[in-house]
Structures are given as C-alpha cells and as structure tokens.
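Just so it is clear, none of the values below were taken in a lab; they were calculated from the coordinates. Since the structure is predicted, the reported quantities are computational estimates derived from the model, not experimental observations. Here Cβ is always computed from backbone atoms with ideal geometry, including for glycine, and neighbour counts include all displayed protein chains.
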Amino acid sequence: MVVALVAAGSGAALAQGAEAVVGAPQPWGMGLQASGGPIKDAISSFNTLVFWMMVAITIFVAVLLAYAMWRFRAAANPNPSQTSHNTALEIAWTVVPVLILVVIAIPSFRLIYYQDRAVDAEMTINVQGRQWYWHYAYPDHGNFTFDSYPVANEDIRDQQIRGLSVDNPLVIPVGANIRILTTGQDVIHSFFVPSLGVQKYTIPGRTLETWIRADRPGVYYGQCNQICGVNHWFMPIEVRAVPREQFNAWADQAKTRFAEGLAPTHPSQIAAAEPTAPAPLSLAEARR
C-alpha cells in the first residue's frame with residue numbers, strides 16, 4: 001500500500017561535519033525517496049531494473065502496433081489473409097513473457113530474503129503499534145521504553161514536518177545492523193520507513209522480524225500504511241540515525257529520564273564526532 005505523505009519542510013542536520021540525509025517526500029519529487037542504507041539501495045536497484053524492462057516492453061509493443069497498423073491497412077491489403085494460426089508466433093509470445101518473469105523473479109526473491117532477517121545484528125529494537133502511536137523498547141540498552149506521538153500542528157517548530165515529526169523519535173547508531181521485532185497491541189499496524197527500505201506489519205499476538213541499517217546520518221520519516229482506524233493517518237515514524245557516540249550519550253540519558261517520565265535531550269542537540277560508516281552489506285553477505 002502506498003501512503004501519500006505531505007512534506008512541509010526539511011529535517012535538521014544531525015551530526016557536526018557530516019551531511020544529513022532527509023528521508024521524506026519532496027514537493028514535485030520524482031522517483032523514490034533518498035536512500036539511507038543498503039536495503040533501500042537494493043530496492044532502488046531492483047526498481048530501476050524493472051522500470052527499464054517496462055520501458056523496453058512499452059516501446060516494443062508501440063512499434064509493433066504501429067507496424068501492424070501500417071503494414072496491414074485496408075489500402076495495402078484489399079484481400080486480407082485468412083491465416084488463423086502461426087505456431088512459431090504462438091510459441092514466442094508464450095515463452096518470451098515467461099523469460100521476462102524469470103528475469104524479474106530471481107532478483108526479486110533475492111531482495112525478499114535480503115530484507116528478511118539481520119545478519120550479525122548489533123542490537124535489537126522492539127516496535128509495537130498501538131492505536132494510534134508507536135511504542136519502542138531497547139532491550140540491549142537497559143530495556144527502557146517510550147511512546148512516540150506526532151507533534152500537533154500548533155506545536156510545529158522550524159525544520160519540523162507537519163504530519164511526520166514526532167515528540168520522541170526512534171534513535172539508531174549509524175552503520176549498525178539493527179534487528180527490528182514488531183508486534184501489535186490492538187489491531188494490525190504497519191511499520192513503514194521508505195528511505196530505510198523497511199515495511200513490516202505489527203500483528204497482535206505475533207512477533208515478526210526485519211532489520212534496518214542507516215549508513216548515512218539523517219532523519220528518515222515514515223508512517224503506518226495499514227488502515228488501522230480513524231487516526232490511521234496520525235501514526236508517523238521518525239527515525240534519527242546519529243554517530244555512535246551521539247547514540248550512546250542519548251541512550252544513557254534515556255535509561256534514566258524516560259524512567260522519570262522525562263524525555264532525554266533531543267539527539268540533534270548532542271554533539272558528536274563525525275562518523276565513519278562501514279561499507280554496506282552485499283546481498284550475498286546478508287544471506288550467509
């Protein structure tokens with residue numbers, strides 16, 4: 001399901017000395033959102049492959065149709081052929097589409113398996129969809145939890161995006177393979193962040209696994225794209241990828257301040273050294 005997200009601005013820079021990616025829809029934007037990690041890179045590559053195959057098929061069919069209209073027009077064929085079968089042609093238009101589907105299927109299956117589970121995950125984050133907000137838990141960092149609500153329109157500040165910015169964003173370290181475990185509290189929701197290439201349902205009574213990795217610092221927006229009730233549109237997701245030192249400082253604050261009912265210092269306000277992101281995993285490495 002495609003969710004229409006309306007962007008009213010851009011996110012703030014998150015790391016000193018490093019250019020931040022803003023994963024959000026842009027006015028008059030074309031194509032996919034900017035990629036923040038290897039999963040979205042793989043999705044973009046597959047999308048490009050399918051797009052150019054569609055272009056080639058469209059051109060071929062248009063040329064064939066134009067040729068047939070010219071070659072077999074009434075003026076050139078006053079006595080039309082009575083041929084009703086052509087064995088070679090019928091084999092061709094059966095075999096060629098099958099070959100096209102095979103060419104699409106092989107990288108498609110590889111991409112599905114690549115997205116499925118994290119390889120050597122460095123940390124786990126539990127994501128729970130609730131009507132109508134998100135609940136996050138960090139079991140590897142003191143098991144602190146917090147809720148994430150959208151920022152009301154009247155409270156939007158500079159460099160926040162109406163309908164997408166939240167009070168407590170999901171914070172992750174740059175370059176880390178992060179296991180995401182999703183579940184639902186009430187009805188089915190969907191954890192969907194286009195720029196990180198992740199979309200996973202949150203189903204009550206079930207735990208599903210996926211993973212994310214941000215190789216570039218930035219802020220990545222998403223939204224529940226499962227129709228989950230009257231406030232379905234009011235479940236934005238904001239993921240902030242920051243240098244590891246900045247993440248560690250934020251997590252140390254979060255363990256105590258969330259327990260006290262206070263939000264930690266916003267990750268964009270914590271200074272850190274410029275990160276060095278490791279090279280993205282290949283599809284072959286991820287399957288091992």
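With a ≥ b ≥ c taken as the square roots of the eigenvalues of the C-alpha gyration tensor of the range 178-237, please select rounded if a/c is under 1.5 and otherwise prolate if a/b is larger than b/c or oblate if it is not? The shape class here is oblate.
Annotation: extensible slack from T256 through V102 equals 50.1 nm (criterion: 0.36 nm per residue apart, minus Cα-Cα distance).
Summed over qualifying helices (DSSP H, 4 residues or more, each -39500 (n - 2.57)) and divided by its residue number, the chain shows a 222 nm mean residue ellipticity of -10000 deg cm²/dmol. The local environment of R257, defined by Cβ-Cβ distances under 15 Å, has a net charge of -3 under the rule Lys, Arg +1 and Asp, Glu -1.
Counted by Cβ distance under 15 Å from N79, the other residues give a net charge of +2, where Lys and Arg count +1 and Asp and Glu count -1. Sort out for me the Cα centre separation of the range 48-69 from the range 155-182, rounded to whole Å. About 42 Å separates the Cα centre of the range 48-69 from the one of the range 155-182.
For the Cα atoms of the chain, what angle does the longest principal axis make with the long axis of helix 38-71, in degrees from 0 to 90, nearest 10? Value to nearest ten degrees: 20. Taking Lys and Arg as +1 and Asp and Glu as -1, the other residues whose beta-carbon sits under 15 Å from that of R179 total -2.
Under a 5 Å amide H cut-off, with hydrogens placed 1.01 Å from N, W211 pairs with I180 among residues at least 5 apart or on other chains. Phi angles of the range 83-90 translate, via the Karplus equation with coefficients 6.51, -1.76, 1.60 and θ = phi - 60°, into HN-Hα couplings of 5, 10, 9, 9, 4, 4, 5, 5 Hz per residue; Gly and Pro are given as x. Distant-in-sequence amide contacts of V21, defined by a placed amide H-H separation under 5 Å and a gap of 5 or more residues or a different chain, comprise G218, V219.
The residue among A176, N153, F192 whose Cα reaches farthest toward the positive pole of the charge dipole of the range 151-196, with charges on the beta-carbon of Lys, Arg, Asp and Glu, is A176. Enclosing the Cα atoms of the chain in their convex hull gives a volume equal to 191 cubic angstrom per residue. The Cα atoms of the range 76-199 cover 80, 41, 30 Å along the three principal axes, with the biggest extent listed first.
Taking the longest Cα principal axis of the chain as reference, the axis of helix 244-257 is set at about 60 degrees. Amide H contacts of V166: V151, each under 5 Å away and 5 or more positions distant or on a separate chain (H built 1.01 Å from N in the peptide plane; Pro and chain starts excluded).
When the chain is treated as a GNM with alpha-carbon contacts under 10 Å, the residue of N225, N168, N248 showing the greatest mean-square fluctuation is N248.
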